[in-house]
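Structure record follows, encoded as structure tokens.
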Amino acid sequence: MALTTLALDGDDTLWHSETHFAVTTERVLDLVRPWVDGDAATAHLLEVERKNLAVFGYGVKAFILSVIETVIEVSDGEVPAGRIHEVVGWAKELLDHPVELMDGVAETLDQLAGSYRLLLITKGDLLHQESKVARSGLADQFDAVEIVADKDTATYRRILDRHGIDPAEFVMAGNSVRSDVAPVVELGGWGVHVPFHLTWALEAHDGAGLADRVAVADGFAGLPAALDLLAARAAT
Ligand SMILES: [Mg+2]
């Protein structure tokens with residue numbers, strides 16, 4: 001079976017995202033330092049985010065609501081309203097941040113467009129993701145752009161059905177094994193993990209049971225080599 005369709009993740013695969021969240025998280029730790037140390041604040045924020053995921057979903061607005069909840073809780077309600085106002089300002093900064101492409105994206109996409117039908121599958125705030133796709137200047141490279149609330153097997157199955165793609169000829173590439181690779185392999189597809197040095201704790205995955213259907217790319221520019229490896233496996 002030939003691999004015909006390649007889908008790419010957006011955040012931390014095509015463009016930087018986690019780097020900006022990390023800067024904001026440092027500001028949060030500074031803000032709450034009068035009440036808790038950095039480790040306790042980090043753990044509290046992560047727990048609030050985990051608990052809120054099902055109601056708020058992913059993205060900047062969900063993150064900032066969890067930050068506000070955390071700041072109020074760890075300060076026992078003592079945090080001044082002015083500081084909360086500041087936090088809301090951080091959300092606006094995150095949403096307005098210029099889109100910075102990862103190294104090698106533009107050239108590598110040009111190269112891949114000759115061999116694959118390209119899709120972009122990204123999750124998070126609809127408005128923010130639409131704006132990032134537009135500002136990235138990459139939209140024309142893709143046959144379709146899918147902005148989804150979550151990346152689970154049901155989501156991928158829906159996308160594959162809608163575009164009439166057989167999972168056996170489908171590859172998804174991204175920085176998150178949990179969201180970009182594991183569900184696609186579960187459906188009978190293929191995955192390329194493009195690791196980024198920062199991974200949000202809630203995206204952690206040990207990669208167990210995925211080895212045969214997954215290749216690891218050395219940065220975005222390493223994608224063609226990783227895809228060649230999978231194509232050879234798919235052909236046998
Ligand atoms: Mg990502």
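The values are calculated or read from the model by the stated rules, or taken from the named source; none is laboratory data. These numbers come from a predicted model, not from an experiment. Positions of Cβ are backbone-derived with ideal geometry, glycine not excepted, and every protein chain shown enters the neighbour counts. Each accessible area value is taken on the protein alone, full model and side chains, heavy atoms only, with ligands, DNA and RNA left out. Shrake-Rupley method; radii C 1.70, N 1.55, O 1.52, S 1.80 Å.
For the range 1-34, give me each residue that is part of a helix (DSSP H, G or I) and touching a strand residue (DSSP E or B) at 6+ places or on another chain (Cβ under 8 Å).
Within the range 1-34, just E18 meets the criteria.
Scan the range 211-236 for residues that are farther than 12 Å from T108 by Cα, out of contact with any Leu (no Cβ under 6 Å at 6 or more places or on another chain), open to solvent by 30 Å² or more (accessible area, probe 1.4 Å) and assigned to a helix (DSSP H, G or I) and jot them down.
Of everything in the range 211-236, those that are farther than 12 Å from T108 by Cα, out of contact with any Leu (no Cβ under 6 Å at 6 or more places or on another chain), open to solvent by 30 Å² or more (accessible area, probe 1.4 Å) and assigned to a helix (DSSP H, G or I) turn out to be A211, D212, R213, D228, L229, A232, R233, A235.
Please verify whether V171 is under 18 Å from the mean Cα position of the chain (by Cα) and over 27 Å from N52 (Cβ atoms), treating the condition exactly as stated.
Yes, satisfied.
So if I check each of A173, A144, which one is within 30 Å of T236 (Cβ to Cβ), away from the ligand (no atom under 14 Å from the Cβ) and not charged (D, E, K, R)?
So the residue among A173, A144 that is within 30 Å of T236 (Cβ to Cβ), away from the ligand (no atom under 14 Å from the Cβ) and not charged (D, E, K, R) is A144.
List pairs: first residue in the range 175-190 and of a type in the set (D, E, K, R), second residue outside any strand (DSSP E or B) anywhere in the structure, Cβ distance under 8 angstrom, at least six positions apart or on different chains.
Pairs found: R178/E203; R178/A204; R178/H205; D180/D9; D180/T13; D180/K151; E186/T153.
Name the residue, out of V145, V177, that is of a type outside the set (F, W, Y) and buried (at least 19 other Cβ atoms within 10 Å of the Cβ).
Within the list V145, V177, the selection yields V177.
Only one of these conditions is not met by D12: (1) crowded, with 20+ Cβ neighbours inside 10 Å; (2) more than 17 Å from the chain's Cα centre (by Cα); (3) acidic (D, E). Which number is it?
(2)
Here is a list of conditions, (1) out of contact with any Phe, Trp or Tyr (no Cβ under 9 Å at 6 or more places or on another chain); (2) on the phi > 0 side of the Ramachandran plot; (3) within 16 Å of the ligand (Cβ to nearest atom), and G77 meets all of them except one; can you say which number that is?
(3)
For every residue, the table says whether it meets (1) in a helix (DSSP H, G or I); (2) over 30 Å from L187 (Cβ atoms).
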{"residue": "V36", "(1), (2)": "no, yes"}
{"residue": "A40", "(1), (2)": "yes, yes"}
{"residue": "I64", "(1), (2)": "yes, yes"}
{"residue": "V79", "(1), (2)": "no, yes"}
{"residue": "L95", "(1), (2)": "yes, yes"}
{"residue": "S131", "(1), (2)": "yes, no"}
{"residue": "V145", "(1), (2)": "no, no"}
{"residue": "D150", "(1), (2)": "no, no"}
{"residue": "T155", "(1), (2)": "yes, no"}
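Taking the range 101-129 as the region of interest, how many residues are crowded, with 18+ Cβ neighbours inside 10 Å, outside any loop (DSSP other than H, G, I, E, B) and of a type in the set (D, E, K, R)?
Matching residues across the range 101-129 total 1.
Could you give every pair whose Cβ atoms fall below 6 Å, whose first residue belongs to the range 151-162 and is within 16 Å of G174 (Cα to Cα), and whose second residue is among the polar types (S, T, N, Q) and surrounded by 15 or more Cβ atoms within 10 Å (Cβ to Cβ), counting only separations of at least 6 or pairs across chains?
K151/S179
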